[in-house]
1. Loop sites only, by DSSP: take the GluC sites (Glu not before Pro) in the chain that have at most 16 other C-beta atoms within 10 Å and name the longest stretch containing none of them.
2. Working only with C-alpha atoms, what are the Rg and Dmax values of the range 35-88, expressed in angstrom?
3. Can you give the FRET efficiency to the nearest 0.05 for Glu316 and Thr81, using r as the Cβ-Cβ distance and R₀ = 30 Å?
4. To the nearest 10 degrees, how steep is helix 220-229 against the longest Cα principal axis of the chain, on a 0 to 90 scale?
5. On full extension of the chain, what length is gained from Glu297 through Thr65, given 0.36 nm per residue of separation minus the C-alpha to C-alpha distance?
6. For the chain, what D do you get in µm² per second when you plug the Kirkwood radius from alpha-carbon pairs into Stokes-Einstein at 10 °C and 1.306 mPa s?
7. Set the Förster radius R0 to 41 Å, insert the Cβ-Cβ distance between Thr40 and Met227 as r into 1/(1 + (r/R0)^6), and round the FRET efficiency to 0.05.
8. Below 8 Å, C-alpha to C-alpha, sequence gap of six or more: please give me the relative contact order for the chain in percent.
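Throughout, read-outs are computed from the coordinates displayed, never taken from laboratory work. All values reported here derive from a predicted model rather than from experimental measurement. Cβ placement follows ideal geometry from the backbone for every residue including glycine, while neighbour counts extend to all protein chains displayed.
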Amino acid sequence: MRDTLLRGPKGLIGTAALIALGLGAPALAQDQLSIATGGTGGVYFPMGGGLAEIINTHVDGYSATAEVTGASVENMGLIATGDADLAIGLADTVAQAYGGTGRFEGQQLPMVRGLASLYANMVHIVALESSGITSLDDLRGMRVSIGAPGSGTEVNTAAILEANGITYDDIEEQRLNFNETADALANGDIDAGFWSVGAPTSSILNLATTQDIVIIALTEEQLAAAMAADSTFATTTLPAGTYNGVDEDITVLGIPNVLTVSSEMSDDLAYAITSAMFENIAELRAVHPAANQTTVEFTLDATPVPLHPGAIRYYEEIGATVPDALRP
């Protein structure tokens, strides 16, 4: 191997000579990756941070940083423009971006690819017990946070309300992120707020330590209407004890979260990231319990867009059967 040469004050110095002097070899440059997540009060940001640490530790030649963003809708745009290398998004938003529907009508993003499905969000509708709000219909005429602009929460909220005959004309909508929604509830500035997020989430945990909260349960008819309107919705259970004041299991709407990249990412890098994440999944689960749902099986069942060929290589290497619908 040819010795690397550096110019010193008395001429050229080889790497071997530097090592002999105890100075070590010069650090190799790392390619920087950006992971688009969401606000700090949700699950995307800690999950993205955990994934960044796995890349930093286990993917040679790359370092990664989790970036705070407006979440799902914005994140798909960041993938399309190349301003993010990886991004987390709600399944319905990811599917809309890929297909050019819904929020992405007329601006299809066919380059969106999945690496994995991480976990399922649960749609939380939260109010203070003192508000007297006990049902979805009680939101009429109320001040309601529908989620941050460009977030998957905003997309989910619109779908649930519209499917059940409630429009933004029926409420005083406010577009707040998770921490802002919790603060506004605590301060009496709003009456209710929507979260589409993995459970438990820090912003609701913190709110429930200082306020008596209620989580509004949808009726069977309301759940069915929402699922009929959006095929990526499914029912799931928010367990009793998840938050202070939640004393019984609550049936809520769930929706997968997808780790996405661009089709322009190299197959080798997509393979390396997918492999590193699943082979070191315990490290991600130590960051947030939502990663207990991060499995190959969940990915192959829940991902709404084609997988990147590099990810497919990993899944087939471990013996998984990749459905034809997930092949580009």
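1. Working: sites that count: Glu105, Glu248, Glu264.
Between the exposed loop sites, the longest stretch runs 106-247.
2. Both quantities, over Cα of the range 35-88: 10.8, 31 Å.
3. Numbers: r = 31 Å, r/R0 = 1.02.
The value I calculate is 0.45.
4. 50
5. On the way: separation 232, 0.36 × 232 = 83.52 nm, distance 2.70 nm.
Net length gain for the segment: 80.8 nm.
6. Working: Rh = 21.1 Å.
The calculation lands on 75 µm²/s.
7. Values: r = 31 Å, r/R0 = 0.74.
Result of the calculation: an efficiency of 0.85.
8. On the way: 688 pairs, mean separation 71.6, N = 328.
Taking the mean separation of contacting Cα pairs over the length of the chain, I get 22 percent.
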